[in-house]
1. Being of a type in the set (D, E, K, R) and touching an Asp or Glu at 6+ places or on another chain (Cβ under 7 Å) is the filter here, so list the residues in segment 76-112 that pass it.
2. If a residue counts only when it is surrounded by 12 or more Cβ atoms within 10 Å (Cβ to Cβ) and touching a residue at least 24 places away in the same chain (Cβ under 8 Å), which helices (runs of 4 or more DSSP H) contained entirely in segment 41-121 have at least 1 such residues?
3. Among PHE94, PHE114, PHE100, which is the only one that is at pLDDT below 80, more than 28 Å from SER7 (Cα to Cα), out of contact with any Phe, Trp or Tyr (no Cβ under 7 Å at 6 or more places or on another chain) and of a type in the set (A, V, I, L, M, F, W, C)?
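The values are calculated or read from the model by the stated rules, or taken from the named source; none is laboratory data. Only a predicted model underlies this, so the values are computations on that prediction, with no experimental measurement involved. Note that each Cβ is placed from the backbone with ideal geometry, even for glycine, and that neighbours are counted across all protein chains shown.
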Amino acid sequence: MSFGLPSVKPKPGGFESLDIHEGHYGVPDVMTYGLSSTRPNVASSHPLEQSEKMYAKNKELMHMTMLRNLQGLHAPLRLTMELRAAEKVGRLPFLPSSNFMRDVLSGRDEEIGFEDFLNTAEFREQMGQPHAVLEKQLGIL
């Protein structure tokens, strides 16, 4: 008996080929291709790491599937419509956005994560002049 729920088991990611451009002596050619980070090219060190990276996406997919099975097709469609409307709400580009409406719709407003106290807007390193940021977005500058 299947309820149509997505699998909770993590799917193993395959090894990707490293795309390192080497020069004449077998050393990466930094002057031609620039510095590259090897971290994205390295495979996961543990199967649980991939599962943790995909936790939020899997949780949302499971929630939408359960809503569809319990309440019909209208419930996930309506929730998706409200989430997209919440993403389109804009502010001026120099004002920080907390995405509170999206957090309420997804249920994250009741959770406390590291981004709640380690990445606050007043301690952000990138802070521009409001007029220059707005002119850049409008294409004036």
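1. Let us first name the residues in segment 76-112 that are of a type in the set (D, E, K, R), namely 78, 82, 84, 87-88, 91, 102-103, 108-111.
Passing the criteria: ARG102, ASP103, ASP109.
2. Answer list for segment 41-121: 47-53, 55-71, 74-88, 100-106.
3. Just a single option satisfies the conditions, and that option is PHE94.
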